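Engineer: Input: one structure, supplied below.
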Amino acid sequence: MAIELTKGKHRSLLFAPGANDKLAWSDIKPSLEVLTRQDIIIAQAELPPETLAELAAFTVEREMSFFLDPAPPDRVTREVLSAAEMITPN
């Protein structure tokens, strides 16, 4: 899902089911290497479960804040929930 600003500053939501299904840990890890403990990672459970698990483990290892939107809930493990500093269910 993407949120766009439109004319008049209204928000418009774009939904593309399955858009995140192919996102692998190797796709995002290089971009995360520059982050520090002061940064916050925000993710939703629409990522593939393996990618989400790697991301959660990364935040624990780096002692970073991890905010999680656990939807859809069937993709979230206890380990991922335990890694989250804040959980924001929708």
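Engineer: Rounded to the nearest 10 Å², what accessible area does SER31 have for a 1.4 Å probe in the complete protein model?
Structural biologist: 80 Å²
Engineer: Related question: Keeping all protein chains in place and using 1.4 angstrom, which order do PHE15, PHE67 fall into by accessible surface area, from largest down?
Structural biologist: On the way: PHE15 140, PHE67 45 Å².
Final ranking, largest accessible area leading: PHE15, PHE67.
Engineer: Going from most exposed to least, what order do ASP21, ASP74, ASP69 have by accessible area with a 1.4 Å probe?
Structural biologist: Working: ASP21 80, ASP74 130, ASP69 30 Å².
Of ASP21, ASP74, ASP69, the descending order of accessible area is ASP74, ASP21, ASP69.
Engineer: Can you tell me the accessible area per residue over the range 11-85, all protein chains present, probe 1.4 angstrom, in square angstrom?
Structural biologist: Using a 1.4 Å probe on heavy atoms only, each residue of the range 11-85 averages 65 Å².
Engineer: Give me the net charge of ILE87's neighbourhood, meaning all other residues with Cβ under 13 Å from the Cβ of ILE87; Lys, Arg count +1, Asp, Glu -1.
Structural biologist: -1
Engineer: With every protein chain kept in the model, how would you rank MET64, MET86 by accessible area, 1.4 Å probe, largest at the top? Working shown, then result.
Structural biologist: Working: MET64 15, MET86 90 Å².
These residues rank, largest area first, as MET86, MET64.
Engineer: Still on this model: Ordered by residue, what ³J(HN,Hα) values in Hz, to whole numbers, does the range 33-44 give under the Karplus form 6.51 cos²θ - 1.76 cosθ + 1.60, where θ = phi - 60° and Gly and Pro are x?
Structural biologist: After applying 6.51 cos²θ - 1.76 cosθ + 1.60, I find 4, 7, 6, 10, 4, 7, 7, 10, 9, 10, 9, 10 Hz.
The values are calculated or read from the model by the stated rules, or taken from the named source; none is laboratory data. On a predicted model such as this, the values are computed, not experimentally measured, just so you know. Backbone-built Cβ (ideal geometry, glycine too); neighbour counts: all protein chains shown. Heavy atoms of the whole protein, side chains included, go into the accessibility calculation; ligands, DNA and RNA do not. Shrake-Rupley method; radii C 1.70, N 1.55, O 1.52, S 1.80 Å.
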